[in-house]
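Read through the structure below, which is laid out as structure tokens, and then see the notes.
The values are calculated or read from the model by the stated rules, or taken from the named source; none is laboratory data. Just so we're clear, the structure is a prediction, and the values are computed from it rather than from any experiment. Reconstructed Cβ throughout: ideal geometry from the backbone, glycine too, with neighbour counts over all protein chains shown. SASA here: full protein model, heavy atoms, side chains in, ligands and nucleic acids out. Shrake-Rupley method; radii C 1.70, N 1.55, O 1.52, S 1.80 Å.
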Amino acid sequence: MIALTDKVTYSVEDGVAVLTVDNPPVNALSQGVRQGIKDGVERALEDPAVAAVLLHCAGRTFIAGADITEFASVPQGPDFHAVLAVMENARKPIVAAIHGTALGGGLETALCCHYRVAVEDARFGLPEVNLGLLPGAGGTQRLPRLVGVEKAVDMVVSGNPIRAAEALELGLIDALVTGDLRAQALAFARDAAARGELPRVRDRQDKLAVEPGYFDQVRAAIARKTRGFLAPELNIQCIEAAVSQPFDEGLATEAKLFRQALASPESAAQQYFFFAERQAAKVPGLPKDTPERPINRVGIIGAGTMGGGIAMNMANAGIPVTVVEMSDAALQRGLGVVRKNYENTARKGRISEGDVQARMDLFTGSLDLADLADCDLVIEAVFENMAVKKEIFTKLDAIAAPNAILASNTSALNLNEIAAVTTRPESVIGLHFFSPANVMKLLEVVRGDKTAPDVIQTCMRFAKRIGKVPVLVGVCHGFVGNRILFQRQALEGATPAHIDEVLYEFGLPMGPFQMSDLAGLDIGWSKETSTGSTVSERLCELGRFGQKSGAGYYDYDEQRNRTPAAVAVELFEEFAAKQGITRREIGDEEILDRLLLPMINEGARILEEGIASRASDIDVVYVYGYGWPVYRGGPMHYANSLGLAEVRARLERYRGKTGDAAFEPAALLVELAEKGGSFT
Ligand code: CAA
């Protein structure tokens, strides 16, 4: 065996040159991998003892893509396109042996082999869209030639990989093998050499036909979901080029659009976020080999909206879950909602009827906390009341297994106080799920003063097991609290509809007034105690509770379409007059600033206080928990891109203009702005 580079080896076995890529963790196409593959293929072509080439990977996966860490640095040869050209034009058959994930540049490499052989659990995809990119090395030109235009569009726009069985059916791979992939792929390569054919994907034309108007239909169908993103459209344009242009012209179009994508702020933000998300899983000061506690059964206290949603996460991951409620009626109602949710998912074809039952079978309902004695993790999800939570944790402490982790889903209460009622505060932690808990990807893991390292480690890893993105935070009051600022803007002259529109255009799923209408204005309001001292209270007094009553800041028709309500604007005018506030026209930019700058400022304070360990963690929280558009990276990334001196100057300007202390720049922001630094 010869080492071609430190990442690729070469050996000849029975007339087949075997190129083995070994570049952990995911065999990304780093410089040494590109160089090794190119050298290996060239060597094999010159070696008279070699009749075919096998490309395979050591470790957990086939090549999972370009090395994203290289994007920001000066490119080092060999150029990826040059490597692929050598492979595609080779006069000896090249076979890719695929396990794990062949993604992005990895799949593009496989598409330049003459044959592809894979094991059953292999997956194939072009996920570049998730990085604000497109496959820049012929992927968009070759993929549709094998799988057809519609499937190719679906794959590049969604970024979702497909499984081996589907890949075989579509013609993306040539053989599916069970057992020893390397041995079987070697046999395949010898047969291929004997046949003597050299099929190239680029020469295929038979799957490129589409109905006229097809691409516009796709655009219309995805418009809502991809609003604000640049890459989905560029990916579609590439596949259009595959259909309408000769192969080499299509390649040139793809290369041009790739450069456009790579230079875009959207892609910079999405690449930043890719690493932010992975970084968040790592806890500073917690060694990688910190032990974990086993979690085989989870208990949930409360079968309401949160409890039920949290429990679904467990069942989705195949983990048995015991749900405890106070009354049989509440328990049955909760489990009924869970079943209904699963049935809806099955109706949409995302899981089978069998899955619905299999998941429900993982649920055990109970009215007795004592039934949580065999749980390794218990999550309390009752309403936010300190006295109630303390009572539950006292009882739980007496019941739970000695090694069990006791978690609270509280979003606002002091976890340390809850932990203090137990004899094991080191085993108490916060697991703050976001509603709807079975959908939202964010999990805030709240570390108490006494939470033990193995408990933190277990919860961070467990989060990944149930499909969540964990972010470790300290005990604090949560990040929200900007509502008052929206109210203030509306008093000064902006209409609720205008404020909502500006935030929607920025990329948030909806603005604050729409959100209030959706959530219900009467949360925490009662007729008896209402003092009519805010616009929201006055709306409630008028019976305008938001969407559920057909009216709030907006009026709603039967289909819940909204139109701005004149009465809401009149109320703001009335309140402004009473408070002596002069109304004026407020522009889009000011509206946006006055939303975003306090968020950034609050983020700086959170860092100062050590509540979050790094700025990128805060961005992960805002993107996965609050609908911040990922193509803008999160508030801290956004602040860096504006420049912190500029952020500080604007905050000071609004501080002067409104007198509102929320605009007072945080000390950390001032310090970094003066140094010309950034949050990351
Ligand atoms: N480049 C560099 N590092 C990468 C990487 C890549 N393409 N993909 C993953 N990694 C790193 C991660 O940052 C992580 O590093 P740390 O352990 O230091 O945090 C490590 O590999 C493991 O990654 P995950 O934690 O995500 O592991 P997983 O098992 O959950 O998932 C995966 C593995 C499915 C491959 C996932 O990492 C993934 O989706 N990666 C991105 C794949 C991708 O987008 N490929 C396309 C790249 S762009 C491209 O290829 C364009 C082109 O042709 C020019």
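Extension gain, Asp216 to Ala576, is 124.9 nm, computed as 0.36 nm per intervening residue step minus the present C-alpha separation. Principal semi-axes of the equivalent ellipsoid, √(5λ) from the alpha carbon gyration tensor of segment 216-326, are 44, 22, 13 Å from largest down. The calculated FRET efficiency for the pair Val439 and Arg224, based on their C-beta separation and a Förster distance of 25 Å, comes to about 0.90. Evaluated with a Cβ-only charge set (Lys, Arg +1; Asp, Glu -1), the chain carries a dipole of roughly 300 debye about its Cα centre, given to the nearest 20.
Net charge dipole, segment 493-578: roughly 160 debye, given to the nearest 20, about the Cα centre with Cβ charges of +1 for Lys and Arg and -1 for Asp and Glu. The modelled label-to-label distance for the pair Leu542/Glu674, using points 7 Å beyond Cα in the direction of Cβ, is 4.9 nm. Using a Förster radius of 30 Å, what is the FRET efficiency between Asp206 and Asp121 based on their Cβ-Cβ separation? Nearest 0.05, please. Efficiency computed from Cβ-Cβ geometry: 0.55. Seen through its C-alpha gyration tensor, with square-root eigenvalues sorted a ≥ b ≥ c, segment 52-119 comes out oblate because a/c lies at 1.5 or above while a/b is not bigger than b/c.
Counted residue by residue at 0.36 nm each, then reduced by the alpha carbon distance between them, the extension gain from Thr178 to Thr529 reaches 119.4 nm. Anything over 24 Å Cα to Cα? Flag those among Lys151/Lys340; Lys282/Lys450; Lys527/Lys548; Lys7/Lys151; Lys38/Lys92, in the order listed. From Lys151/Lys340; Lys282/Lys450; Lys527/Lys548; Lys7/Lys151; Lys38/Lys92, over 24 Å: Lys151/Lys340; Lys7/Lys151. Of all beta bridges that DSSP places with both ends in segment 2-262, some 35 percent have antiparallel geometry. Surface listing: Ser530, Ser327 arranged by accessible area from highest to lowest gives Ser327, Ser530, probe 1.4 Å. For GluC sites (Glu not before Pro), the sites in segment 510-585 that DSSP calls loop and that have at most 16 other Cβ atoms within 10 Å are Glu528, Glu558, Glu585. For the chain, the mean projected area of the C-alpha convex hull, equal to one quarter of the hull surface, is 33.7 nm².
For segment 493-578, just say rounded, prolate or oblate: build the C-alpha gyration tensor, square-root its eigenvalues into a ≥ b ≥ c, call rounded for a/c under 1.5, and beyond that prolate if a/b exceeds b/c, oblate if not. Here segment 493-578 falls in the oblate category. By DSSP, the beta bridges lying fully in segment 298-480 are antiparallel in about 15 percent of cases. FRET efficiency for the pair Glu150 and Arg278, taken as 1/(1 + (r/R0)^6) with r the Cβ-Cβ distance and R0 = 22 Å, rounds to 0.10. Beta bridges assigned by DSSP with both partners in the chain are antiparallel in approximately 30 percent of cases.
Backbone amide hydrogens, once placed in the peptide plane, bring Ser408 within less than 5 Å of Glu380, Ile429, Gly430, Leu431, excluding anything fewer than 5 places away on its chain. Using alpha carbons only, how many angstrom separate the centre of segment 124-189 from the centre of segment 432-451? Distance between centres, Cα-based: 35 Å.
Summarising the label geometry, the points placed 7 Å from Cα in the beta-carbon direction at Asp248 and Ile351 lie 5.3 nm from one another. Dipole of the chain computed with +1 at Lys/Arg Cβ and -1 at Asp/Glu Cβ about the Cα centre; of Ala167, Tyr553, Ala346, farthest Cα towards the positive end is Ala167. What shape does segment 298-480 have by the C-alpha gyration tensor, where a ≥ b ≥ c are the square roots of the eigenvalues, rounded means a/c under 1.5, and otherwise prolate means a/b greater than b/c and oblate the rest? Here segment 298-480 falls in the prolate category.
The slack in the chain from Glu664 to Ser73, taken as 0.36 nm per residue of separation less the alpha-carbon distance, amounts to 209.0 nm. Sticking with the crude label model, points 7 Å out along Cα→Cβ, report the distance from Ala58 to Ala401 in nm, one decimal please. Going from the Ala58 label point to the Ala401 one covers 3.8 nm.
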